[in-house]
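J.: What follows is a structure written as structure tokens; I'll ask about it next.
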Amino acid sequence: MELHATGVRKGWFSWIFRGSAFLHFAASVFMLFVLVQSAGGTVPVRSAYISQNETLVIVSWVMSTLAVLSLIGTFTILTFALDKTYRLILQWAWMISVIGGSAVVVNHFIQMTVIPALSELFLVMPSIRLAQHMVEWDQLLSQLVGIFSLSCFAISGLIYTGVMFRTRDFSSKLSWWSFFVWTILLLGTIAYRWIHGIVPVVLGVVIFIYIPWLWYVGEQVKPQLSQ
């Protein structure tokens, strides 16, 4: 019975990683075809798009929120799957990811509530002051996610990666793969200070190489959990 329970648990953990890969893929599709439209262009164009596709925009932000929560979920599993000698360090890394994820959830909640309301108001009563107010919201939220949240995820991911290298029997290939994922993300957040449009490009690259990593690491952590 104990072996059966362990096998079931390991199977669930594996599918959590695969589920996270699916959520990130779906979120990236919504980001490419919906959120880019709702976040780009002039205020009138964006307002019109959000007003005409409000439900689709909200679904896109919800999918993005689920992807972020699944990221924290995979970090939670890795906290217990990797070398327990570094458990305290991993807990700190997990807390950093939770802080970054909380900021993303706040951003997404505002994008689903405040921004559509402002867009509807702008279409009814357009004004320069309101347009400037919406631009200020955009700048604030962009810095919240583009700098703060992504930096938290990158730092947390690099800490986990360091422990992966120290964990016996954990694939060196997957450890280096993880290193490149989080290094690219961290460099992107640093470059954001000078190139504001770089975040979507960096996220696209990171997600492209992160999704297959999630799929394979779901198999890699199973023998670690049995120790």
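The values are calculated or read from the model by the stated rules, or taken from the named source; none is laboratory data. Values in this document were obtained by computation on a predicted structure and should not be read as measured data. Note: ideal-geometry Cβ built from the backbone for every residue, glycine included; neighbour counts use all protein chains shown. Protein only, heavy atoms only, side chains kept; ligands, DNA and RNA dropped before computing areas. Shrake-Rupley method; radii C 1.70, N 1.55, O 1.52, S 1.80 Å.
J.: Determine whether TYR210 is more than 15 Å from ALA81 (Cβ to Cβ), touching a helix residue (DSSP H, G or I) at 6+ places or on another chain (Cβ under 9 Å), in contact (Cβ under 8 Å) with a residue 60 or more places away in the chain and buried (at least 20 other Cβ atoms within 10 Å of the Cβ).
T.: Numbers: more than 15 Å from ALA81 (Cβ to Cβ): yes; touching a helix residue (DSSP H, G or I) at 6+ places or on another chain (Cβ under 9 Å): yes; in contact (Cβ under 8 Å) with a residue 60 or more places away in the chain: yes; buried (at least 20 other Cβ atoms within 10 Å of the Cβ): yes.
Yes; evaluated as a whole, the condition is true for this residue.
J.: Look at ALA191 and say whether it is free of Cβ contacts under 8 Å to residues at least 60 places away in the same chain and touching a helix residue (DSSP H, G or I) at 6+ places or on another chain (Cβ under 9 Å).
T.: Details: free of Cβ contacts under 8 Å to residues at least 60 places away in the same chain: yes; touching a helix residue (DSSP H, G or I) at 6+ places or on another chain (Cβ under 9 Å): yes.
It is true that ALA191 is free of Cβ contacts under 8 Å to residues at least 60 places away in the same chain and touching a helix residue (DSSP H, G or I) at 6+ places or on another chain (Cβ under 9 Å).
J.: I need the full set of residues from region 114-131 which are touching a helix residue (DSSP H, G or I) at 6+ places or on another chain (Cβ under 9 Å) and either under 28 Å from ILE147 (Cβ atoms) or part of a helix (DSSP H, G or I) (or both), in order please.
T.: Within region 114-131, VAL114, ILE115, PRO116, LEU118, SER119, GLU120, LEU121, PHE122, LEU123, LEU130, ALA131 meet the criteria.
J.: While we're looking at this one, here's another question. Return the residues of region 163-188 that are without any contact (Cβ under 8 Å) to a residue 60 or more places away in the chain, open to solvent by 20 Å² or more (accessible area, probe 1.4 Å) and either part of a helix (DSSP H, G or I) or in contact with a Pro (Cβ under 9 Å, 6 or more places away or on another chain) (or both); say none if nothing qualifies. Even if it seems obvious, please write down each step before you answer.
T.: The initial filter retains those residues of region 163-188 that are without any contact (Cβ under 8 Å) to a residue 60 or more places away in the chain, namely 165, 169, 171-188.
Keeping just the survivors that are open to solvent by 20 Å² or more (accessible area, probe 1.4 Å) gives 165, 169, 171-173, 176-177, 179-180, 183-184, 186-187.
Correct list: PHE165, ASP169, SER172, LYS173, TRP176, TRP177, PHE179, PHE180, THR183, ILE184, LEU186, LEU187.
J.: What are the residues in region 147-162 that are under 18 Å from ASP83 (Cβ atoms) and open to solvent by less than 10 Å² (accessible area, probe 1.4 Å), if any?
T.: Pass one, region 147-162, residues under 18 Å from ASP83 (Cβ atoms): 156-162.
Once the filter is applied, which keeps residues that are under 18 Å from ASP83 (Cβ atoms) and open to solvent by less than 10 Å² (accessible area, probe 1.4 Å), region 147-162 yields SER156, GLY157, TYR160, THR161.
J.: Specify the residue that is farthest from the chain's Cα centre (by Cα); the eligible residues are those in region 19-70 that are closer than 18 Å to PRO200 by Cβ, β-branched (Val, Ile, Thr) and assigned to a helix (DSSP H, G or I). Give the derivation first.
T.: Applying the first criterion (closer than 18 Å to PRO200 by Cβ) to region 19-70 yields 24-42, 45-46, 49-50, 57, 60-61, 63-65, 67-68.
Next, only the ones that are β-branched (Val, Ile, Thr) stay: 29, 34, 36, 42, 45, 50, 57, 65, 68.
Okay, now just the ones that are also assigned to a helix (DSSP H, G or I), so 29, 34, 36, 45, 50, 57, 65, 68.
Details: VAL29: 14, VAL34: 17, VAL36: 16, VAL45: 27, ILE50: 22, VAL57: 17, THR65: 8, VAL68: 4 Å.
Only one residue fits best here, namely VAL45.
J.: Answer yes if at least one residue in region 86-93 is surrounded by 14 or more Cβ atoms within 10 Å (Cβ to Cβ), β-branched (Val, Ile, Thr) and either at pLDDT below 95 or closer than 18 Å to SER38 by Cβ (or both), and no otherwise.
T.: Among the residues of region 86-93, not one is surrounded by 14 or more Cβ atoms within 10 Å (Cβ to Cβ), β-branched (Val, Ile, Thr) and either at pLDDT below 95 or closer than 18 Å to SER38 by Cβ (or both), which makes the answer no.
J.: Please state which of the following conditions ILE195 fails to meet, knowing it meets all the rest: (1) at pLDDT 90 or above; (2) not in a helix (DSSP H, G or I).
T.: Answer for ILE195: the failing condition is (1).
J.: Still on this structure, I have one more. State all residues of region 33-54 that are without any contact (Cβ under 8 Å) to a residue 12 or more places away in the chain and aliphatic (A, V, I, L, M); if no residue qualifies, say none. Can you show your working first?
T.: First pass over region 33-54, keeping only residues without any contact (Cβ under 8 Å) to a residue 12 or more places away in the chain: 33, 40-42, 45, 52.
The answer is VAL45, and nothing else.
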